[in-house]
2 protein chains.
Amino acid sequence: MNKFKKVLKEINKHKNFLITSHINPEGDSIGSQLAFLYLLKVMGKNARILNSGKPGPKYKFLPNSKKILTKINKDTRYDAICFLDCADIKRIGGIYEVIDLSKPKINIDHHLSNKRFGNVNLIDSRASSTAEILYILFKEAKVKINKETAICLYTAILTDTGSFNYSNVTSFTHKVVSHLIDAGVDTNNIYKKVYEEISPSAMRLLGSALSTLKLSPNKRIAWMQITKDMLKKCGAGLGEQENFINFPRSIKGVKIAILFTEIAPGKIKVNLRSNDDIDVNEIASHFGGGGHRKASGCTIKGSLAEAKKKVLSEIKIAPFAFPNGAYTKCRI
Amino acid sequence: MNKFKKVLKEINKHKNFLITSHINPEGDSIGSQLAFLYLLKVMGKNARILNSGKPGPKYKFLPNSKKILTKINKDTRYDAICFLDCADIKRIGGIYEVIDLSKPKINIDHHLSNKRFGNVNLIDSRASSTAEILYILFKEAKVKINKETAICLYTAILTDTGSFNYSNVTSFTHKVVSHLIDAGVDTNNIYKKVYEEISPSAMRLLGSALSTLKLSPNKRIAWMQITKDMLKKCGAGLGEQENFINFPRSIKGVKIAILFTEIAPGKIKVNLRSNDDIDVNEIASHFGGGGHRKASGCTIKGSLAEAKKKVLSEIKIAPFAFPNGAYTKCRI
């Protein structure tokens, strides 16, 4: 029996479901949960989505996003829990303490690092997104993808592929998207909702941050900073700087980009991005942080100047990952 | 006979071809010309590409881009001229004076405004790009798209759709892209070449420009400026600010974005973008400029302050285009 059929078989065993995903949910986790909610509904099941936090404002346009709960009554009944786009069961956040994790678990994800904690695991790290896996599940279940669900799946794929540009995109990704558009998705409208509703304060903060841009003498490391003062002056809140790291990262020749943000006096958040085979996760780990090979972060106690000194001297000899998984240290 | 067959029939009549496109060629014009060069070659023809200018540095990775000529010998023989992605014959630039326009003309384009100046016209304004039309032409000609040509067509579609996000994208666009990836395109690599080779000076200039961001009281008009001093301070050249206008344009609620650039003392270049049904072409025309409904520009003599005053007071009552083509004036 293929993995998809196993999931459907497990679904058919139960009546009431809880759907969840990782904390700080983004496009793929929100879109996939909403699409899965629809699938269960069509399959005649009761289901609700429970997350540790509400979706960010830019995802409020997703059909049924209001149905995402952050609390449930203690007597809410569920026979099984479905985890979407969640590599580790502990990543569900605060609700980890609230829900009954002894129930059967269905685990659907595309992260290579997925811990296969489910009773049934549908994991495919070749998929661009969890939504891409769900697309096949809908086909396998012979459930027609309606317009609302197509919007959710499309948004999930759009955001998890950086608008179809990350290395996780395959010809199948575009094939799926083609079908989703046929199901009625207005792609330009979704693009505007997701990427073109930036606040004036965030735009000003980006300007200020870019004005602090620095490059190492060999131009391979680029960094910039955001101080508490800059946030205040621009009227911006923390969180508005989320994607700024992509700007130094996209400079020609840059291999590592860093954003230093003063999140509290004496507390510096460090975001790291790698353009290459350099493993910034190793660098973040050195400071008690973590993430992925190409995107990682940590928090350092001290002043901005101290945090910069520490991180930049750690980077000088950077961990380099060969495609076969072997490591070395290289001077960058 | 369908339009595609007509083009192939016309090609088969001749032996030697000149291929050209509009001035300041971008992704679609360069990619389409190179793909068409390959098609003619497989069809057993002699062909060369002649443009009024060389491709920009970011397109140099396109296979055979070095074959794009900007000059030809007077005795170069050609029996027909192929125009790719060129809405108006005069848009070919300086070579208009050089080449023999009495030769048979094959005109392949996706612009709605195309003047159908060819002896054979293959125009489809529903296509996202000229490359998308060429994809069908390859199928019709039964010519297999090799990897090099797939790279050219993919880059053309990527750039003409703003990474698959403009309203010109259809389910067919993604279907074509899916096939191009199957032909061997490394999409992530192309993305990096096209969008992630920004110079440090351009990045600094963006920071400075964003620091000048202003919004009208109702937040519907956003503008920023670049002075000669800013260019000098950032070590940036004119041309590096090309896409900056997309930043104010992507602010939530903004309907018109404007970039004022001091290109010479007392000479201000004005770039205008509309997010809505407001026709910025009308506004640019008022100052002797032009372009498209949603993207237009003009040059104004005077100081930055004068140019801003003139343009902003013209915009107050803006031309609004209804979907049916009717116009009105609206206060924005």
- Task: Please report, in debye to the nearest 20, how large the charge dipole of the protein assembly as shown is about its Cα centre when each Lys and Arg carries +1 at its beta carbon and each Asp and Glu carries -1 there.
- Result: 200
- Working with all protein chains in place, sort A:S102, B:S178 by solvent-accessible area computed with a 1.4 Å probe, largest first. A:S102, B:S178
- Just check the range B:200-331 against the gyration tensor rule for me: Cα atoms, a ≥ b ≥ c as the square roots of the eigenvalues, rounded for a/c under 1.5, and otherwise prolate or oblate depending on whether a/b exceeds b/c. prolate
- Note on the structure: Note, the range B:192-199: 3J(HN,Hα) by Karplus (6.51, -1.76, 1.60, θ = phi - 60°), whole Hz, Gly/Pro = x, goes 4, 5, 7, 10, 10, 10, 7, 7
- Listed pairs A:K192/A:K252; B:K90/B:K301; A:K41/B:K175; A:K219/A:K308 exceeding 19 Å between Cα atoms: A:K192/A:K252; B:K90/B:K301; A:K41/B:K175
- Can you tell me how much longer the chain between B:E97 and B:E242 gets when fully stretched, taken as 0.36 nm per residue apart minus their C-alpha distance, in nm with one decimal? 49.4 nm
- Message: Helix A:147-160 against the longest principal axis of chain A: what's the angle in degrees, Cα atoms only, rounded to the nearest 10?
- Response: 30
- Which whole-angstrom value gives the distance between the alpha carbon centres of the range A:83-160 and the range B:181-249? 36
- Query: Using a label point 7 angstrom from Cα along Cα-to-C-beta, what distances in nm, from shortest up, separate A:L215 from the other copies?
  - Reply: 3.2
- Theoretical ellipticity at 222 nm over chain B - DSSP helices of four or more residues, -39500 (n - 2.57) apiece, nearest 500: -10500 deg cm²/dmol
- Consider just the alpha-carbon atoms of the range B:68-174 and return their Rg together with their Dmax, both in angstrom. 15.0, 46
- Item | Where labels lie 7 Å past Cα in the beta-carbon direction, separation of A:R77 and B:F117 in nm | 7.5
- Query: Measuring from label point to label point, each 7 Å out along Cα→Cβ, what is the A:T70 to A:K232 span in nm?
  - Reply: 2.7
- Task: Would you mind giving the total buried accessible surface between chains B and A, with a 1.4 Å probe and ligands, DNA and RNA left out, rounded to the nearest 100 Å²?
- Result: 3500
- Item | In degrees, nearest ten, helix B:171-182 long axis to first principal axis of chain B (Cα) | 60
- Item | Using alpha-carbon coordinates, inclination of helix B:27-42 to the longest axis of chain B, degrees | 0
- Query: Under a Cβ-Cβ cut-off of 10 Å, what is the net charge of the residues other than B:E282 that fall near it, where Lys and Arg count +1 and Asp and Glu count -1?
  - Reply: 0
- Mind listing the phi-derived Karplus ³J(HN,Hα) values for the range B:105-115, rounded to whole Hz, using 6.51, -1.76 and 1.60 with θ = phi - 60°, and x for any glycine or proline? 10, 10, 10, 10, 7, 10, 7, 4, 7, 4, 8
- Task: In nm to one decimal, list the spacings between the A:S285 label point and its equivalents in the other copies, with label points set 7 Å along Cα to Cβ, shortest first.
- Result: 6.3
- What is the distance, in nm, between label points placed 7 Å from the Cα along the Cα-to-Cβ direction at B:K6 and at B:H292? 2.5
- Label 7 Å beyond Cα on the Cβ vector: B:I99 copy-to-copy distances, nm: 6.2
- Message: With θ taken as phi - 60° and the coefficients 6.51, -1.76 and 1.60, list the Karplus ³J(HN,Hα) couplings across the range B:95-104 in order, rounded to whole Hz; mark glycine and proline as x.
- Response: 5, 4, 7, 9, 8, 8, 7, 7, 5, x
- Solvent-accessible area, 1.4 Å probe, carbon plus sulfur percent, for the range B:103-221: 49
- Counting only residues 5 or more places away or on other chains, whose amide H sits under 5 Å from the amide H of A:C82 once H atoms are built in the peptide plane? A:L18, A:I19, A:T20, A:I106
- Task: Can you tell me the FRET efficiency between A:A264 and A:N24 if r is taken as the Cβ-Cβ distance and R0 is 22 Å, rounded to the nearest 0.05?
- Result: 0.70
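For the range A:240-299, what is the accessible area per residue in Å² when the probe is 1.4 Å?
38
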- Message: Under 10 Å, Cα contacts only: if you run a Gaussian network model on chain B, which one of B:I300, B:I133, B:I108 comes out with the highest mean-square fluctuation?
- Response: B:I300
- Query: Debye sum, Cα scatterers, the protein assembly as shown, no solvent: what log₁₀ I/I(0) at q = 0.05, 0.06, 0.11 1/Å?
  - Reply: -0.26, -0.38, -1.27
- Message: What three numbers, in Å, describe the spread of the alpha carbons of the range A:1-148 along their principal axes, ordered from the longest?
- Response: 35, 34, 32
- Which of B:T212, A:T70, B:T20 is most accessible, then next, and so on - probe 1.4 Å: A:T70, B:T212, B:T20
- Longest exposed-loop-site-free stretch of chain B, with trypsin sites (Lys or Arg not before Pro), DSSP loop and at most 16 other Cβ within 10 Å? B:145-218
- Task: Show B:I258, B:I23, A:I181 ordered by accessible area, largest first, where the area counts protein heavy atoms only and the probe is 1.4 Å.
- Result: B:I23, A:I181, B:I258
- Amide H within-cut-off set for A:I278, under 5 Å, with H built and near neighbours excluded: A:A321
- Query: Just counting partner chain Cβ atoms within 10 Å, what average do the residues of peptide A:160-167 show around their Cβ?
  - Reply: 6
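The values are calculated or read from the model by the stated rules, or taken from the named source; none is laboratory data. Owing to the predicted nature of the structure, the values given are computational and were not obtained by experimental measurement. Cβ sites come from the backbone with ideal geometry, for glycine too, and all protein chains shown count toward neighbours. Accessible surface is based on the protein model in full, side chains and every heavy atom, while ligands, DNA and RNA are left aside. Shrake-Rupley method; radii C 1.70, N 1.55, O 1.52, S 1.80 Å.
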